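Reviewing the structure listed below.
The values are calculated or read from the model by the stated rules, or taken from the named source; none is laboratory data. All of these numbers come straight from a predicted model, not from anything done at the bench. Here Cβ is always computed from backbone atoms with ideal geometry, including for glycine, and neighbour counts include all displayed protein chains.
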């Protein structure tokens with residue numbers, strides 16, 4: 001246990017959750033105010049972060065944030081730029097999948113709109129940078145309950161120790177225990193789908209091209225990694241996903257090849273396969289007195305647009321900016337007036353993205369010929385409108401709407 005739980009220690013901010021949201025928030029707070037006392041609580045040892053086999057799409061704006069936080073230069077050589085994206089819409093049995101929509105991979109300043117980054121590189125870099133700046137860690141441990149008073153929050157840990165803080169931030173995932181303890185209600189529905197995540201090797205180079213194939217069961221995304229490798233986010237109905245993940249390797253690869261195609265040559269699994277249930281979860285409130293939600297604890301969305309991680313980074317950047325500026329004005333970082341600024345900034349954006357991903361998933365995850373014809377027409381129209389495509393690229397790059405300073409490449 002880190003010295004974070006020593007008797008008498010009072011923190012400005014305690015963050016429950018040591019994933020990319022919690023770590024980037026902690027690092028941003030210390031970058032903005034070196035005197036701020038910050039602790040991160042997480043049930044897993046921080047030393048195992050490098051073993052995370054997954055990969056994430058880092059939007060250009062998030063890359064600017066990581067650069068401001070001092071970690072992008074350390075990990076950029078492990079990132080694969082997305083140079084192009086294509087979108088198809090077909091039935092699984094179709095031999096030919098017409099390309100209805102193509103995107104160039106560059107923003108107006110010539111930078112890729114996104115990179116694919118291994119979590120096993122990004123998470124340890126965030127942790128080490130936060131630790132080096134003086135962020136303290138209570139790990140492995142977890143927040144079991146908390147009690148707020150007008151001036152502070154007492155957080156009881158599973159280990160039996162306790163932390164006192166001015167503000168508690170729950171960045172503990174879509175099934176947030178702390179969100180429930182705070183009495184924050186959610187709007188939630190299950191899609192009856194699961195996302196299969198794995199990595200494959202292939203014979204031919206992908207040339208930085210990402211592909212999104214809309215199939216009746218849900219989107220099948222091929223996302224380029226360094227070398228002749230790609231990360232897959234494969235949506236299936238939950239029962240089918242469970243069957244595929246539990247099947248033998250031959251059966252799994254056969255079903256994979258039917259969806260992936262042969263354009264990159266022979267395929268070979270290059271990692272574990274896991275399935276995650278998909279749904280939409282939107283918190284009705286992002287704050288309570290001396291309490292705030294961030295990341296998936298505030299909004300869990302469908303991966304169809306690849307924006308879940310980048311919304312989490314936006315939460316971290318916005319909350320850090322609000323808290324650091326409040327400290328500079330001599331305000332209490334846990335006061336409701338300060339936290340309300342964060343909620344006004346982020347809640348509508350999260351709701352809007354949740355609705356967009358929900359509509360897209362319902363529109364494309366079906367086998368209705370009438371809807372397919374309408375979709376194909378709509379995608380074709382978008383493909384012929386450079387201005388509209390540029391708007392989509394800007395959204396995917398994370399530059400749409402009022403951006404926090406870190407996401408614009410500026411220090412807080």
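Kindly indicate the residue of the stretch 38-79 that is within 24 Å of residue 140 (Cβ to Cβ) and without any contact (Cβ under 8 Å) to a residue 60 or more places away in the chain and also surrounded by the most Cβ atoms within 10 Å (Cβ to Cβ) among those meeting that condition. This residue is 71.
Take residue 363 and tell me if it is part of a helix (DSSP H, G or I), over 26 Å from the mean Cα position of the chain (by Cα), more than 30 Å from residue 70 (Cα to Cα) and modelled with pLDDT of 75 or more. So residue 363 does not fit the description; no. Summed over the stretch 333-349, the residues that are more than 13 Å from residue 402 (Cα to Cα) and surrounded by fewer than 19 Cβ atoms within 10 Å (Cβ to Cβ) give a count of 5.
Of all residues in the stretch 1-39, exactly one satisfies the criterion of being farther than 18 Å from residue 323 by Cα, at pLDDT 95 or above and in contact with a strand residue (DSSP E or B) (Cβ under 6 Å, 6 or more places away or on another chain), namely 18. With the structure loaded, tell me whether residue 179 is under 27 Å from residue 312 (Cβ atoms) and crowded, with 19+ Cβ neighbours inside 10 Å or whether it fails that test. In short, yes. Screening 171, 143, 221 for residues that are buried (at least 17 other Cβ atoms within 10 Å of the Cβ), in contact with a strand residue (DSSP E or B) (Cβ under 8 Å, 6 or more places away or on another chain) and more than 23 Å from residue 294 (Cβ to Cβ) leaves exactly one candidate, 221. Against the numbered list (1) without any contact (Cβ under 8 Å) to a residue 24 or more places away in the chain; (2) over 20 Å from the mean Cα position of the chain (by Cα); (3) part of a helix (DSSP H, G or I), residue 330 comes up short only at (3). Being without any contact (Cβ under 8 Å) to a residue 40 or more places away in the chain and under 27 Å from residue 298 (Cβ atoms) holds for only one residue in 154, 185, and it is 154. Read through the list (1) in a loop (DSSP other than H, G, I, E, B); (2) under 16 Å from residue 187 (Cβ atoms); (3) in contact with a strand residue (DSSP E or B) (Cβ under 6 Å, 6 or more places away or on another chain), then give the number of the only condition that residue 358 fails. The failed condition is (1).
Look at the stretch 2-15: where a residue is on the phi < 0 side of the Ramachandran plot and surrounded by 11 or more Cβ atoms within 10 Å (Cβ to Cβ) and a partner is modelled with pLDDT under 95 and part of a loop (DSSP other than H, G, I, E, B), sitting 6+ places away or on another chain with Cβ atoms under 6 Å, you get 5/161. When the stretch 233-252 is filtered for residues that are modelled with pLDDT of 95 or more and touching a strand residue (DSSP E or B) at 6+ places or on another chain (Cβ under 8 Å), the ones remaining, listed by number, are 233, 234, 235, 236, 237, 238, 241, 242, 244, 245, 252. Against the condition buried (at least 24 other Cβ atoms within 10 Å of the Cβ) and either more than 16 Å from residue 171 (Cβ to Cβ) or in contact (Cβ under 8 Å) with a residue 60 or more places away in the chain (or both), how does residue 266 come out, does it pass? When the stated conditions are applied, residue 266 does not pass them. Those strands (runs of 3 or more DSSP E) of the stretch 174-287 in which 3 or more residues are more than 25 Å from the chain's Cα centre (by Cα) are absent.
Here is a yes/no grid of residues against (1) touching a helix residue (DSSP H, G or I) at 6+ places or on another chain (Cβ under 9 Å); (2) in a helix (DSSP H, G or I):
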| site | (1), (2) |
| --- | --- |
| 22 | yes, yes |
| 27 | yes, yes |
| 50 | yes, yes |
| 58 | yes, no |
| 66 | yes, yes |
| 74 | yes, yes |
| 86 | no, no |
| 115 | yes, no |
| 125 | yes, yes |
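Are any residues in the stretch 297-307 outside any loop (DSSP other than H, G, I, E, B) and under 18 Å from residue 345 (Cβ atoms), and if so, which ones? Of everything in the stretch 297-307, those that are outside any loop (DSSP other than H, G, I, E, B) and under 18 Å from residue 345 (Cβ atoms) turn out to be 297, 299.
Got a sec? Which of 230, 194 is in contact with a helix residue (DSSP H, G or I) (Cβ under 7 Å, 6 or more places away or on another chain) and crowded, with 19+ Cβ neighbours inside 10 Å? Explain how you work it out, then say what you get.
Details: 230 fails: in contact with a helix residue (DSSP H, G or I) (Cβ under 7 Å, 6 or more places away or on another chain).
Within the list 230, 194, the selection yields 194.
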